[in-house]
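The values are calculated or read from the model by the stated rules, or taken from the named source; none is laboratory data. Note that the coordinates shown come from a computational prediction; the quantities given were computed from them, not determined experimentally. Counting neighbours? That spans all protein chains shown, and the Cβs are built from the backbone with ideal geometry, glycine included.
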Amino acid sequence: MRLFVAVVPPEEVVDHLDAFLEPRREHGRFRWTSAEQLHVTLAFLEQVPERSLDALVEGLQRGAARRQPFEARVAGGGAFPDPAHAKVLWAGLDLAVDARAELDRLAAGARAAASHAGLVVDGQRFRPHVTLARLGRGQEVTRWVRLLDGYAGPAWTVDRVVLVESHLGEGPRRRPRHEPVAELELGATTSARDT
C-alpha cells in the first residue's frame, strides 16, 4: 500500500482556494492538483504491507491523542526548489507560533508511529505546504509566487489527521486516486474512526 498521513482542510477552505485558483489555471503550463486532493502531508509511506496497517493506525492514534486542535489558514505560497527553477508550486500555512509547534509535533509523531510500525518514512525535512501544481521541468514562477503572497483563505480548526491510501494512475487523467483509510482526532482518547 502507498499511504500518507495528512491534514485535510475542510470543504469550505478547499472551495475558497479552488475559487482563487480557477481563473488563473489556464495561464500556466502546470499539472494542477485537483481540489479533492489538496492537503498537507505530514508523513509519506511509499510501501506499507497490509500486515503493518493496524500497528500504524494504533501508533497514529496515540500520537494524535497527545496533540491539541489548533487554528490554521492557507495563505501565501512559494515554489520548490525555488521560484527561478520551480518544479512544485505550493500554498503555505499561516499558523500562530504555538500552532506551528503543534503541527511540527504532529508530523514528528506521524513519522515516529510509522517507524515504530517498522515502516520506512520519506526522509525529507517537514515543510508544511499544500501542493497546488507540479511542473514537468524547472520553470521561472516568481509572478505566481507573488500572486500567492496576496492569498489568505478562511481559518479553520485542525482537529484531526487522515491516513490516506494513494492508488497511482487510478484517478482522472491517470493521476492518483486518494482513499481515506482512517481519521484520527486530535486530543481524543477513543479509537480511530475508520472512513
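Tabulated data
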{"read-out": "In the range 5-58, residue farthest from ARG134 (Cα to Cα) [restricted to those that are among the β-branched types (Val, Ile, Thr) and at pLDDT below 95]", "value": "VAL48"}
{"read-out": "Residues within the range 128-138 that are surrounded by 13 or more Cβ atoms within 10 Å (Cβ to Cβ) and either in a loop (DSSP other than H, G, I, E, B) or not hydrophobic (A, V, I, L, M, F, W, C) (or both), tallied", "value": "5"}
{"read-out": "Residues satisfying the stated conditions in the range 139-155, i.e. touching a helix residue (DSSP H, G or I) at 6+ places or on another chain (Cβ under 7 Å), under 11 Å from GLY92 (Cα atoms) and part of a helix (DSSP H, G or I)", "value": "VAL145"}
{"read-out": "Any hit, the range 117-127, residues being touching a residue at least 60 places away in the same chain (Cβ under 8 Å), surrounded by fewer than 19 Cβ atoms within 10 Å (Cβ to Cβ) and on the phi > 0 side of the Ramachandran plot", "value": "yes"}
{"read-out": "Close pairs (6 angstrom Cβ cut-off, 6 or more residues apart or separate chains): aliphatic (A, V, I, L, M) in the range 23-47, surrounded by 14 or more Cβ atoms within 10 Å (Cβ to Cβ) and modelled with pLDDT under 90 anywhere", "value": "ALA43/VAL121"}
{"read-out": "Filter pass, ARG173 being surrounded by fewer than 17 Cβ atoms within 10 Å (Cβ to Cβ), at pLDDT 95 or above and farther than 22 Å from PRO10 by Cα", "value": "no"}
